[in-house]
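Worksheet: the structure to be examined is printed underneath.
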């Protein structure tokens, strides 16, 4: 039986520490029920190597951004994020990716959805996954995106122009506020381990934070080390699954990897300390405000998700949260330094104190982006 051939215009951009396929929504099938099989074939999933598609065999390189001009008065473009599972026939639209968001501004300018201005162009991005606005400030020159610059981010070689991302009113992507359970700290009864304190915080994306030491971890683990420890991966997914049940995202924590693989994001934190990054660089305790590791699609994130940084920044100002408990004293909330496997990520938060639950006005950070390829994907369905 001969396969149907679909020719799909696509671009590939690196956004932050992720890489994704960017597509104009007008080029996608009109029926969104047809999106999943198309995206799975586009990326070559399910296959651990994604050898027959454009995916790069890791969760951070198996991502898709679908973008169109917005009809909203508060946005220039609408952006839908799709996390394509590497090894499962699954596409998740739950949650957003901040790194891929950082490519949304440049892509929108490149495709003429937003007109470039002299020096800097602000692109107002409406993320359909989270019902939130992100403002991306993109360097532009002579009517074009300026990719070259001297700004470096951990996890990406070389330098480029910074892209400032501001997540406006980021709390409550699930519709239940910054603390969706109503508590700064919850206790999960983890089979085989016992009670574990966590903070479930929802800003930009929902995250579940646990102390590293409570899980038998240090916060200094390298990705390849943790990914080789099946028992620890199972423990971390169990904690995440229990949090997902508590949030009403699934009914059985053992099904979390299928029913809600992308959110909440599992994150474990520890007080600042000296550690060795993935590239062998020695990072000193006084260079960071906390150690933090994120999981992505049941594996260790090689660096740190931008939405994760935004949620970490928000959690830092929640009185009594797990994040606040491990933070360095007198931390500058405009410049929170997260020590992660690839290095240091700086982020900040603007907020108003309001008792147990602060009003988070916005969270922000800096990424870079690079336009890698434009062409036509040939997809056989």
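No value in this document is a laboratory result; all are computed from the given coordinates. Just so it is clear, the structure is predicted and the values come from calculations on it, not from any experiment. Methodologically, a virtual Cβ is constructed for each residue, glycine included, from the backbone with ideal geometry; neighbour enumeration extends over all protein chains shown.
By how many nm would the segment from residue 356 to residue 176 grow when fully extended, if each residue of separation counts as 0.36 nm and the alpha-carbon distance is taken off?
On the way: separation 180, 0.36 × 180 = 64.80 nm, distance 1.51 nm.
That works out to 63.3 nm of additional length.
Counting other beta carbons within 10 Å of each residue's own, what order do 7, 164 fall into, fewest first?
7, 164
From the square roots a ≥ b ≥ c of the eigenvalues of the alpha-carbon gyration tensor of region 186-359, which class results: rounded (a/c under 1.5), prolate (a/b over b/c), or oblate?
Oblate, since a/c reaches 1.5 and b/c is not below a/b.
Which angle between 0 and 90 degrees, to the nearest 10, do you get for helix 230-246 versus the longest principal axis of the chain when only C-alpha atoms count?
Roughly 90 degrees, rounded to the nearest 10.
Modelled label-to-label distance, residue 142 and residue 251, 7 Å Cα→beta-carbon offset: nm?
The modelled label-to-label distance comes out at 6.1 nm.
Please build a GNM for the chain, connecting alpha carbons under 10 Å apart, and tell me which residue among 274, 362, 118 fluctuates the most.
Evaluated over the chain, the most mobile residue of the options is 118.
Any idea what angle helix 98-110 forms with the longest principal axis of the chain, computed on alpha-carbon atoms, 0 to 90 degrees, nearest 10?
Between helix and principal axis, roughly 20 degrees.
Exposure proxy check: 293, 340 ranked by fewest other beta carbons within 10 Å?
Fewest to most other Cβ atoms nearby, the residues stand as 293, 340.
Cα axis of helix 306-315 to longest principal axis of the chain: angle in degrees, 0 to 90, nearest 10?
So the inclination is approximately 30 degrees.
Just subtract the alpha-carbon distance of residue 33 and residue 120 from 0.36 nm times their residue separation and send over the number in nm, one decimal.
Fully extending the segment from residue 33 to residue 120 adds 27.6 nm.
At 7 Å along the Cα-to-beta-carbon direction for both residue 227 and residue 372, put a label point, then send me their distance in nm to one decimal.
1.5 nm
Looking at region 63-212 only, what percent of DSSP beta bridges run antiparallel? Nearest 5 please.
Counting only bridges with both partners in region 63-212, antiparallel ones make up about 95 percent.
Relative contact order, percent, of the chain when contacts are C-alpha pairs under 8 Å separated by at least 6 residues?
Numbers: 965 pairs, mean separation 72.7, N = 381.
Result for the chain is 19 percent.
Label points 7 Å out from Cα along the Cβ direction at residue 5 and residue 197: separation in nm?
6.2 nm
If the elastic network links every pair of Cα atoms under 10 Å, which of 12, 283, 23 fluctuates the most in the Gaussian network model of the chain?
283
Antiparallel as a % of all DSSP beta bridges within region 186-359, to the nearest 5?
Here the share of antiparallel DSSP bridges comes out near 80 percent.
Rounded to whole Å, give me the distance from the Cα center of region 234-259 to that of region 162-207.
One Cα centre to the other: 14 Å.
Would you mind putting 261-270, 321-330 in packing order, based on average other-beta-carbon counts within 10 Å, highest first?
Listed from highest to lowest mean packing, they are 261-270, 321-330.
Where both partners of a DSSP beta bridge lie in the chain, what percent of those bridges are antiparallel, to the nearest 5?
Looking only at bridges with both residues in the chain, the antiparallel portion is about 85 percent.
Compute a Gaussian network model of the chain, connecting alpha carbons closer than 10 Å, and tell me which residue from 234, 78, 31 fluctuates the most.
31
Taking the beta-carbon count within 10 Å as an exposure proxy, list 209, 364 from fewest neighbours to most. Please list the in-between numbers first.
Numbers: 209 30, 364 22.
Sorted ascending by nearby Cβ count, the order is 364, 209.
Residues in region 134-159 near a label at residue 278, defined as backbone nitrogen under 14 Å from the 7 Å Cα→Cβ point?
153-158
Which value at 222 nm does the chain reach when only helices count, each DSSP H run of 4 or more adding -39,500 (n - 2.57), with the total divided by all residues and rounded to the nearest 500 deg cm²/dmol?
Working: 7 runs with 63 residues, N = 381.
Mean residue ellipticity at 222 nm (helix-derived): -4500 deg cm²/dmol.
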